[in-house]
Amino acid sequence: MRARIYSRRQFTQYALSAVTLPLASRLGAQSKAQESATVRGVKIGAITGVYGPFTAGPGQDVIDVVIARSLEGSIGHVELVNSLLEPRVTGGGIGGQAPATSTPEYQQTREALRQWRLSTPLEQFRQIRRKFDVAGLDLYSFVMTVGDDFTDPEIEAVFKQMQALGVDKFSTNQTRVGMGPRMAPFAERYRITPAFHTHALVNDPNEVASPASLDKVLGMSALFMVNLDIGHFARGGNDPFAYIKAHHDRITHLHVRDQKKDGSAANVGDGDLQVADILKAIRDNRWPIACILEQGRTGFDSTVLATKANLDYMRRMLESQATT
């Protein structure tokens, strides 16, 4: 969906509006989301990409809808994707990365996005944080691809925005290894951790995909960490559970998915990625790794209900007996 771009006055006005649920229902949903957010010491939540779309109605902005759907699904820890807030780019690469071939339309819309990042008042992002706080939801993380065509002022601008959002980490999404040295000074300056998101292109050393590529980025800064997408990591021929056990001290959070050994789709808990064992190991060892859902579930008409069903499965596993 196209993000709604609003004026400073509109943003402030909307930020003070109530989330679109009746008061009693909203308070009940808020309490349930808070109670469900951490299970036996393990934070669980979802990235916004799995429980959209977020279609704003009259008197709303997109954050109102994100909050309402988060409360509906008892999603206490939210990872907010940047594309919900920003102007869209035409002809870009995957996940906000620069394309292999640049068109005039891309250059024009990409420059408009850059200028939006450089000029948007930080108060708009502080208002977003206040909305989450009022709703009793944890804005756990942000998602931002620091693409190959970012300028240094643009890198600093998005770090300032994340500081205004009150997050101390972000999933790097499609950010590549080569951007690490340029990001490090800003991570240090703003004390915000880039959590490098894994993918499956293990044969490209510039992609964050192999254990070797992770070793490389982790060596660039003590603040650099890993957002281990267990599905993508497995599709690259890696063992997510083995990596978690060996590097639990450098992982901020997982993106939880599941699949069969042959790579075919499976609902969370029905595949071969040992999701239950991973959850229990994090719980039993008290590793400070959050588990953020990034997969839907078949058999549901609503993405919110599908997300809730996945989180309910994760809760049941965390509440079950310890692993032996």
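The values are calculated or read from the model by the stated rules, or taken from the named source; none is laboratory data. If you're wondering where the values come from, they're calculated on a predicted model, not measured in any experiment. Reconstructed Cβ throughout: ideal geometry from the backbone, glycine too, with neighbour counts over all protein chains shown. In case anyone asks, the SASA skips ligands and DNA or RNA and just uses the protein heavy atoms, side chains included. Shrake-Rupley method; radii C 1.70, N 1.55, O 1.52, S 1.80 Å.
Candidate cross-link partners of LYS131 among the lysines, defined by an alpha-carbon separation under 18 Å and a same-chain spacing of 8 or more, comprise LYS32.
Computed from label points 7 Å out along Cα-Cβ, the spacing between LYS245 and ARG316 is 2.6 nm.
Given a cut-off of 25 Å, name the pairs among LYS43/LYS308; LYS216/LYS261; LYS43/LYS261; LYS43/LYS169; LYS280/LYS308 whose C-alpha atoms lie farther apart than that in the structure shown. Could you put the intermediate results ahead of the total?
Details: LYS43/LYS308 15 Å; LYS216/LYS261 28 Å; LYS43/LYS261 27 Å; LYS43/LYS169 15 Å; LYS280/LYS308 19 Å.
Exceeds cut-off: LYS216/LYS261; LYS43/LYS261.
Full extension of the segment from TYR190 to ASN206, taken as 0.36 nm per residue of separation minus the current Cα-Cα distance, would add 3.3 nm. Averaging Cα coordinates gives a centre for region 181-225 and one for region 31-52; these two points are 26 Å apart.
Of all accessible surface on the chain at a 1.4 Å probe, what whole percent is carbon and sulfur?
Numbers: 7100 of 13820 Å².
Its accessible area is 51 percent carbon and sulfur atoms.
Counting only aspartates and glutamates at least 8 places from LYS260 when in the same chain, those with an alpha carbon closer than 19 Å to its own are ASP229, ASP239, ASP270, ASP272, ASP277, GLU294.
Where does each of 185-192, 94-101, 121-128 land if you order them by average Cβ count within 10 Å, highest first? Don't jump to the answer; show the numbers that get you there.
Details: 185-192: 15.8, 94-101: 14.2, 121-128: 17.5.
Highest mean packing first, the order is 121-128, 185-192, 94-101.
Taking the Cα centre of region 196-324 as origin and assigning +1 to Lys and Arg Cβ atoms and -1 to Asp and Glu Cβ atoms, the resulting dipole is close to 280 debye.
A 1.4 Å probe run over the chain, with the rest of the protein chains in place, finds 43 Å² accessible per residue. Per residue, the convex hull spanned by the Cα atoms of the chain amounts to 133 cubic angstrom.
How much length is gained if the chain between GLN115 and THR101 is pulled fully straight, taking 0.36 nm per residue apart and subtracting their Cα-Cα distance, in nm to one decimal?
2.9 nm
Applying 1/(1 + (r/R0)^6) with R0 = 22 Å to the Cβ-Cβ distance of ALA265 and LEU305 gives a FRET efficiency near 0.75.
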